[in-house]
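**Student:** Sharing a structure with you now.
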Amino acid sequence: MSGAEKIAVTVTDIVPVNELVTRFEFKRSDGGLLPTFSGGAHTVVEMRDGDITRLNPYSLMSDPMDQTAYTISVRRDDQGRGGSLFMHTKIAIGDEMVISYPVNLFSLDLRAKKHLFLAGGIGITPFLAQIKQLERFNGHWELHYACRTQSLGSYVDELTSQHPNETHIYYDDQKQVIDLVRLLDGQPLGTHVYVCGPKGMIEWVRQTAAAEGWPREAIHYEEFLAPQPGKPFEVKLAVSNKVISVGEHESLLEAIERAGVDAPYLCRGGACGQCETNVIDYSGTFIHRDHWLDDAEHASGQKIMPCVSRFEGKTLVLDR
Amino acid sequence: MTIQFNEESFRDDYSFYNSERAIKRFPFPFHEDSYMYSVNMEQHRGGPKDSVYEKRFDVDEHYISEMRDRAIVLAEDPLRCQSLPHMTLAGWDLLELIMVSKSEDYPDLFELHRDGNTWRWINKPLGIDDTFTFLDDATLPYGPMEYITRQAQGDFAVLDQRDDNLWMDAGMVTTQADWSLDFDIGMNFFEWHAPVPLAHEKGIFVRALKFLLNIQQGAPARRLNWTMTVNPLLDTSPENYHKWGIQKTTLTPENIGAKQHLRVELQTFFRLPRSNALVFPIRCYLCSFQDLMTVPKWGRRLHRVVRDLPVELATYKGFINNRPMMLDYLKNFDDGLPTSPGIWPDLETEPPLQK
């Protein structure tokens, strides 16, 4: 069985946070305690939507030491493949669901003298857990959080009232922008930077920090990619000797799983590298969308990350 | 099963011994008649009853004596236990993992009573009954990692995970096969494995690291490793090489059966939840050649493995000079019959020695 260990949970609370974001609380269905976790960890939520099973990663935002419940926040994506819409429209309190054990691909560097958090939109969620973890151990942190508008600023009130000195909010519609160069310049030695938000924001922070001479190891980022819809395509799985079709609204990984082939995975968002698959033969164009393979690997035509990447063309044969 | 703890030593008079039960459950490391490196990992979730795989942390007849030996080593050389400042949370993770596992797996020997962050830990074999505040270092006589690993058999390397690598940033290492925590502290996975021959070229470490980085909470893994030790020494450290290295020259055809030990490490890997660090317990089991030869399958196989091992590996494992004498001894237990696959003794099904 691929992926992390599973936990059977019950949805115990659903709270609309704003127009786009809803918070879900899970407790163990057997009444036991959930595993503790480290701030920045995510869980993969299984969504059984008719014939389709989607597994989407969401950052855990609750207190890592609280073993009674986990909470996640889901931003509705009306253009996506339906995972977030499913959570928003089909899930009710009392529903039984399956989630994975916590997996952390966005861990705090505990050597840091100071943790500088940069959040964009729903990217605030991992920081909520990390802040709770650091508060418990008197960690030194500072948050700069950019939101589109005041009304879409998830958890802004909670953050500014509990941590007024550490929290800095920026509203796009008021033309407030993080002065990143100045902010980086003023950090004490031993500061680590963490960024979670849209792709453009992550690139901006990484490039600005690199240009300012920050070591690569001191910049941490996490962006889960949701698989994007695309043209249907056919794939031959050489090891299991099957030909499968990948539908418009499913990922290559989901299509492989639907065919009954057990393929490794962990994050399902192009970040962790677990599902890396060798290409045996192809004639066509890859649509690589992952963060795992480097540019040379993308260009080589020898590897694909089936959780987020697609293919257009005549033939694709995978070593799976 | 109630464990009868041995009164024994791993130094000076070497009164260490294995009971018949301990021999049968010895983790013989060779699943076939030859040996080469591989990333031989499997999930660590139980195993055959009374095998060393059954519990998360195996406790056996050597427990009390091994903990006594550890205390002696630490008194002479405190640097065998080190924890860089950012690893304290991982130490608490490890303390929790061991206390919870042992109290659940051996309720007759260990008890853990938790009331919020007030914890009471009872270790009956060692006569310990301590109450402390979880996550408050000041309430324990040692740091959390040192406290619990003074009560747990085997060495413990606690590895920080960052920059797609693992870092040897904390550990308790007193029963090691010739490596030094004090030398390796702060090194990454490739740095501390640099001395190992052949494996780098085979890409073993790149694959092993990838596997280890992806070990997740709730899904521990394990593997066996092995070497050879003359006399039942737990502490075969570089720091004390001047004391034990010379003992390799004391082997004779008469004493080799009793003095030469196969040294096996049961290595397990657990993701630590609060710190996202990885703990790597390395549990050492020793068995003399003469005790191993009481299992016909192991006698046949050990001869073949030692005979056919590449020179580089016999050199790295430190027995190239003694190999001819070992083979003279071991060949008497190899009648050329085939052996059954797998590591288990198969005493009921494998034929006795045919000569």
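The values are calculated or read from the model by the stated rules, or taken from the named source; none is laboratory data. Here the structure is a predicted model, which is why all the values come from computation and not from measurement. Every residue, glycine among them, receives a Cβ derived from its backbone with ideal geometry; neighbour counts consider all protein chains shown. These accessible areas exclude ligands, DNA and RNA; they are computed on the full protein's heavy atoms, side chains included. Shrake-Rupley method; radii C 1.70, N 1.55, O 1.52, S 1.80 Å.
**Student:** Going residue by residue through the range B:141-162, is there one that turns out to be of a type in the set (Phe, Trp, Tyr) and either modelled with pLDDT under 95 or under 18 Å from residue B:282 (Cα atoms) (or both)?
**Tutor:** Yes, that holds for at least one residue.
**Student:** Name the residues in the range A:135-163 that are closer than 23 Å to residue A:114 by Cα, loosely packed, with under 14 Cβ neighbours inside 10 Å and modelled with pLDDT of 95 or more, would you?
**Tutor:** Hits for the range A:135-163 are A:158, A:161, A:162.
**Student:** Separate question: For the range B:49-59, does any single residue satisfy the condition of being modelled with pLDDT of 95 or more, of a type in the set (Asp, Glu) and either within 30 Å of residue A:108 (Cα to Cα) or in a helix (DSSP H, G or I) (or both)?
**Tutor:** No, the range B:49-59 contains no residue that is modelled with pLDDT of 95 or more, of a type in the set (Asp, Glu) and either within 30 Å of residue A:108 (Cα to Cα) or in a helix (DSSP H, G or I) (or both).
**Student:** Now for a separate question. Among all residue pairs at least 6 apart or on different chains, which show Cβ distances below 6 Å where the first residue, located in the range A:62-77, is among the polar types (S, T, N, Q) and the second is in a strand (DSSP E or B) and open to solvent by 10 Å² or more (accessible area, probe 1.4 Å)?
**Tutor:** Close Cβ pairs (under 6 Å, with a partner that is in a strand (DSSP E or B) and open to solvent by 10 Å² or more (accessible area, probe 1.4 Å)) amount to A:62/A:71; A:71/A:23; A:71/A:25; A:73/A:23.
Conditions (1) within 14 Å of another protein chain (Cβ to nearest Cβ); (2) in contact with an Asp or Glu (Cβ under 6 Å, 6 or more places away or on another chain); (3) part of a loop (DSSP other than H, G, I, E, B), marked per residue:
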residue: A:260; (1), (2), (3): no, no, yes
residue: A:272; (1), (2), (3): yes, no, yes
residue: A:279; (1), (2), (3): no, no, no
residue: A:283; (1), (2), (3): no, no, no
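**Student:** Also: Quick one: how many residues across the range A:111-141 are under 16 Å from residue A:162 (Cα atoms), within 13 Å of chain B (Cβ to nearest Cβ) and either polar (S, T, N, Q) or in a strand (DSSP E or B) (or both)?
**Tutor:** Number of matching residues: 3.
**Student:** Okay, moving on. Just a yes or no: is a residue in the range A:47-66 within 12 Å of another protein chain (Cβ to nearest Cβ), of a type outside the set (D, E, K, R), in contact with a helix residue (DSSP H, G or I) (Cβ under 6 Å, 6 or more places away or on another chain) and surrounded by 22 or more Cβ atoms within 10 Å (Cβ to Cβ)?
**Tutor:** Yes, the range A:47-66 contains a residue that is within 12 Å of another protein chain (Cβ to nearest Cβ), of a type outside the set (D, E, K, R), in contact with a helix residue (DSSP H, G or I) (Cβ under 6 Å, 6 or more places away or on another chain) and surrounded by 22 or more Cβ atoms within 10 Å (Cβ to Cβ).
**Student:** Please state which of the following conditions residue B:104 fails to meet, knowing it meets all the rest: (1) open to solvent by 50 Å² or more (accessible area, probe 1.4 Å); (2) of a type outside the set (S, T, N, Q); (3) assigned to a strand (DSSP E or B).
**Tutor:** (3)
**Student:** Let me ask another. Consider the range B:13-48. How many of its residues are part of a loop (DSSP other than H, G, I, E, B) and either at pLDDT below 95 or closer than 25 Å to residue B:338 by Cα (or both)?
**Tutor:** 22
**Student:** Just one of B:111, B:42 is in contact (Cβ under 8 Å) with a residue 60 or more places away in the chain, open to solvent by 30 Å² or more (accessible area, probe 1.4 Å) and not aromatic (Phe, Trp, Tyr); which is it?
**Tutor:** Among B:111, B:42, only B:42 is in contact (Cβ under 8 Å) with a residue 60 or more places away in the chain, open to solvent by 30 Å² or more (accessible area, probe 1.4 Å) and not aromatic (Phe, Trp, Tyr).
**Student:** Continuing with the same structure: Among the residues of the range B:69-96, write down those that are away from every other protein chain (no Cβ under 14 Å), in contact (Cβ under 8 Å) with a residue 40 or more places away in the chain and not in a loop (DSSP other than H, G, I, E, B).
**Tutor:** Hits for the range B:69-96 are B:69, B:70, B:71, B:72, B:73, B:74, B:79, B:80, B:81, B:82.
**Student:** Run residue B:248 past the list (1) out of contact with any Gly (no Cβ under 8 Å at 6 or more places or on another chain); (2) surrounded by 14 or more Cβ atoms within 10 Å (Cβ to Cβ) and report the number of the one that doesn't hold.
**Tutor:** Every listed condition holds for residue B:248 apart from (1).
**Student:** On to the next question. Just to confirm my filter: which helices (runs of 4 or more DSSP H) fall fully inside the range B:138-224 and include at least 3 residues that are away from chain A (no Cβ under 14 Å) and either at positive phi or not hydrophobic (A, V, I, L, M, F, W, C) (or both)?
**Tutor:** Where helices (runs of 4 or more DSSP H) fall fully within the range B:138-224 and carry at least 3 residues being away from chain A (no Cβ under 14 Å) and either at positive phi or not hydrophobic (A, V, I, L, M, F, W, C) (or both), they are B:144-149.
**Student:** Just a yes or no: is a residue in the range B:272-280 more than 14 Å from every other protein chain (Cβ to nearest Cβ), open to solvent by 10 Å² or more (accessible area, probe 1.4 Å) and in a strand (DSSP E or B)?
**Tutor:** yes
**Student:** Quick one: how many residues across the range B:155-173 are open to solvent by less than 10 Å² (accessible area, probe 1.4 Å) and farther than 10 Å from residue B:280 by Cβ?
**Tutor:** So the count comes out to 4.
**Student:** Could you identify the single residue in B:229, B:252, B:268 that is in a loop (DSSP other than H, G, I, E, B), more than 14 Å from chain A (Cβ to nearest Cβ) and among the hydroxyl-bearing types (Ser, Thr, Tyr)?
**Tutor:** From the options B:229, B:252, B:268, the qualifying one is B:252.
**Student:** Mind checking which residues of the range A:187-212 are open to solvent by 60 Å² or more (accessible area, probe 1.4 Å) and either without any contact (Cβ under 8 Å) to a residue 60 or more places away in the chain or part of a helix (DSSP H, G or I) (or both)?
**Tutor:** Listed by number, the residues that qualify are A:199, A:203, A:204, A:206, A:207, A:210, A:211, A:212.
**Student:** Working only within the range B:215-236, note down all residues that are over 19 Å from the mean Cα position of the chain (by Cα) and open to solvent by less than 30 Å² (accessible area, probe 1.4 Å).
**Tutor:** Listed by number, the residues that qualify are B:215, B:216, B:217, B:219.
**Student:** Of everything in the range A:225-244, what is in contact (Cβ under 8 Å) with a residue 40 or more places away in the chain and farther than 17 Å from residue A:282 by Cβ? Give them in sequence order.
**Tutor:** A:225, A:226, A:227, A:228, A:229, A:240, listed by residue number.
**Student:** Let me ask something else about it. Is at least one residue of the range B:327-345 open to solvent by 10 Å² or more (accessible area, probe 1.4 Å), within 30 Å of residue B:158 (Cβ to Cβ) and outside any helix (DSSP H, G or I)?
**Tutor:** yes
**Student:** When you scan the range A:213-244, how many residues do you find that are of a type in the set (D, E, K, R), closer than 20 Å to residue A:291 by Cβ and part of a loop (DSSP other than H, G, I, E, B)?
**Tutor:** Residues meeting the conditions: 1.
**Student:** Are any residues in the range B:104-138 more than 26 Å from residue A:68 (Cα to Cα) and either of a type in the set (S, T, N, Q) or more than 28 Å from the chain's Cα centre (by Cα) (or both), and if so, which ones?
**Tutor:** Within the range B:104-138, B:123, B:138 qualify.
**Student:** Report, by residue number, each residue of the range B:286-323 that is under 14 Å from residue B:257 (Cα atoms) and open to solvent by 60 Å² or more (accessible area, probe 1.4 Å).
**Tutor:** If the condition is that a residue be under 14 Å from residue B:257 (Cα atoms) and open to solvent by 60 Å² or more (accessible area, probe 1.4 Å), then B:290, B:294 are the ones that fit.
**Student:** Taking only pairs six or more apart or across chains, which ones have beta-carbon atoms under 9 Å, a first residue in the range B:327-344 that is more than 18 Å from residue B:289 (Cα to Cα), and a second residue that is of a type in the set (Ser, Thr, Tyr)?
**Tutor:** B:340/B:349
**Student:** Just checking, which of B:265, B:239 is in contact (Cβ under 8 Å) with a residue 40 or more places away in the chain, farther than 30 Å from residue A:136 by Cβ, open to solvent by 40 Å² or more (accessible area, probe 1.4 Å) and not small (Gly, Ala, Ser)?
**Tutor:** Within the list B:265, B:239, the selection yields B:239.
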